[in-house]
1. Name, by its number, the condition in (1) surrounded by 23 or more Cβ atoms within 10 Å (Cβ to Cβ); (2) outside any helix (DSSP H, G or I) that does not hold for D421.
2. From V85, V67, V144, V72, grab the single residue that is under 30 Å from N176 (Cα atoms), open to solvent by less than 80 Å² (accessible area, probe 1.4 Å) and β-branched (V, I, T).
3. Please state which one of G514, G531 is over 29 Å from the mean Cα position of the chain (by Cα), farther than 26 Å from L327 by Cα and without any contact (Cβ under 8 Å) to a residue 12 or more places away in the chain.
4. Identify the single condition in (1) assigned to a helix (DSSP H, G or I); (2) modelled with pLDDT under 95 that A232 does not satisfy, given that it satisfies every other one.
5. How many residues are among the hydrophobic types (A, V, I, L, M, F, W, C) and open to solvent by 10 Å² or more (accessible area, probe 1.4 Å) if we restrict to the range 150-174?
6. Out of all the residues in the range 72-94, which are among the aromatic types (F, W, Y) and without any contact (Cβ under 8 Å) to a residue 60 or more places away in the chain?
7. Here is a list of conditions, (1) under 30 Å from V527 (Cα atoms); (2) in a helix (DSSP H, G or I); (3) among the polar types (S, T, N, Q); (4) at pLDDT below 85, and Q565 meets all of them except one; can you say which number that is?
8. Exactly one condition in (1) of a type outside the set (D, E, K, R); (2) within 22 Å of A542 (Cα to Cα); (3) buried (at least 24 other Cβ atoms within 10 Å of the Cβ); (4) touching a Gly at 6+ places or on another chain (Cβ under 8 Å) is not met by T439; state its number.
Amino acid sequence: MFFFVLICFVILMIRLIQINVTSGETYEKNVLSLLNYDGQSIPYKRGDITDRNGTVLATSEKVYNLVLDPYVVTHNNDEKASEYVEQVLEEYFSIDRDEIADILEQQPDSRYVVLKRKMTYDEKKPYDDFLDSEDEEDLTVSKVVASCIWFEESYQRLYPFSTLACDLIGFTSGDNKGLWGLESYYEDTLTGINGRRYGYLDDDIDLQKVTEQPQNGKTVVSSIDINIQRIAEKYINEFMEETGAENVAALVMNPNNGEIFAMASAPVFDLNHPRDMKVMGYTEEELSAMTDQEMSDGLYSVWRNFCVNDSYEPGSTVKTMTVAYALEHDLVKDSDTFDCDGGQTYRSSSEETFVSCNGIHGLLTLQETIMYSCNDAMMQISDKIGAGNFISMQKMFGLGQLTGIDLPGEASCSSTIYHEDDMGPVELWTSSFGQGYNTTMVQVASAFCSIVNGGHYYQPHVVTEIKTDTGNTVQVFDKTLMRTTVSEATSEWMRNALYETVENGTARYAKVPGYKIGGKTGTAEKVPRGGPERLVSFIGAAPMDDPQIVVYVVVDEANADDQGQSSFASTIAGKIFAEVLPYMQIFPTEEIDPSEIETDAEDDDSDDVSYDEEGDGSDDISYDEAGDDPDGSLSDDGSDDSDEEDGYSGDNDD
């Protein structure tokens, strides 16, 4: 057995020697052919973001890094190689000869030195034309420089409209990663896969080149209409410039499918330079005095999308939900009346708590409680609803809950909503007119849409399609019905009440001649109570016969003597309606009174800080433990001393 195995090994050795002698070169080529000799990454193009009509809001532009290979220059057989390189770099790229000479001297064996970054194609083209030249002298030079100068491709994110829809679109980091807005939420969709270019030796030891093309990111088609976005931003920016408010935001939405037409807040920032605080309104003196943490906080506050990321007490706009729920569940009837005497008093064994109304309205019908924004009536209605049902109502309308909108950082506000075990009579009263808990703009807008569209609560969204970089549709986001909130009958009644509120009630500054617009104002007293800080708002729809658009405007702490003027928000909304409706080819259906046009023109010309505040329907809260009206809004006998001045009287004279 030993000799048998030994003989086998001898035969094997003889065969190996034979193969090596006769076919060694062939096997050597086969091994070498499997080895990469060179490789270079080819970057993908990040997907575009467009508006609903295909206008590009965010794209990626190819840029080039100019790279020098000093090793090839210093080891070139041509003695004039360095001279040629210095000449070309100076002529076509304006790089000083001395700078190139220093690089070649200090880094003679380096294979990679970046001379210029993010060059455009136009900056690179003259050099390309030089390489393609057929001049004999140029051919000699180009042959040398082409072997040691090359370009590294990459992409730079570009936002053609700079500040437009900045907090909704978002921006990317230096390594092409989405950091905010749609850029962040749809990061996986917008991101592609890098390609690769490499070479190898074949069986004949010849150089073969292979290129794996990159897979570009997909295009995100948003529901935003760039023209409606421009209109919304124009008027909120005008108001900011005139008053210097803390913040102003506008949301324009399609009530019939949940699509967002426009989403804007102020101040704005430049998407191409998101960290440039000068664009945000900061001066050199302010910036020099700020710490790094203060700068970081300042950037973050401007980047935030107020419509989605910030919450606030909504005020009287949610009275629409209170009345709609009570009406839907037969807790109140259209024929019911409510006596407003200035507020409600809760008496316990140890104390009395008085919650005041915004006036003394006298006897009101159910419709008039909305028209004149009566807090007292809302408190009476909430008593009919009860704490348990009121909490169910908030849940049904999505107040204090995530809507699931496709944007990052949505605030839920769930921690601010009362539960049945901690909602007492006073908490129930204040919640009925939108104080004591927080919401976001997108929550209120989505709930309001369901009230005016027949009771269908659609999930709000800002993206309608996903397409390949060649334009083929791969995914469509249609309307998503989440639940039904009210019946068509209740919705029709509410639409009429909201129309009367704009025509004859507290929201008349939103009126646009010729159009049937309905809506509701809101004024919320901010914490701490008792101060002058107010958040005013208006939400409305048009045309009320068949709503096609909802506009929601919030003004946070207007820089005015009286911050509680709800006309601030309704005036802005009226201007947005006046431009957006014709743009959407929704034409007037009502007869236009020439006197109304003249009145509106006067309003438009006036300063925002001097709006007439008659009947503004503010819903400031006054808590009075003794019931004696600490803010002086009521006289000792319980009457409202300022009825006629405020436009409210016992017979509901607006």
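1. Here D421 clears every test but (1).
2. Residue meeting the stated conditions: V67.
3. G531
4. Answer for A232: the failing condition is (2).
5. Final tally of qualifying residues: 5.
6. Those that are among the aromatic types (F, W, Y) and without any contact (Cβ under 8 Å) to a residue 60 or more places away in the chain: Y92, F93.
7. Failed condition: (2).
8. (2) is the only condition that T439 fails.
The values are calculated or read from the model by the stated rules, or taken from the named source; none is laboratory data. In this text the structure is predicted, and so the values were computed from the model without any measurement. Virtual Cβ from ideal backbone geometry, glycine too; neighbours counted across all protein chains shown. We work out accessible area using only protein heavy atoms, side chains counted, and drop any ligands, DNA or RNA first. Shrake-Rupley method; radii C 1.70, N 1.55, O 1.52, S 1.80 Å.
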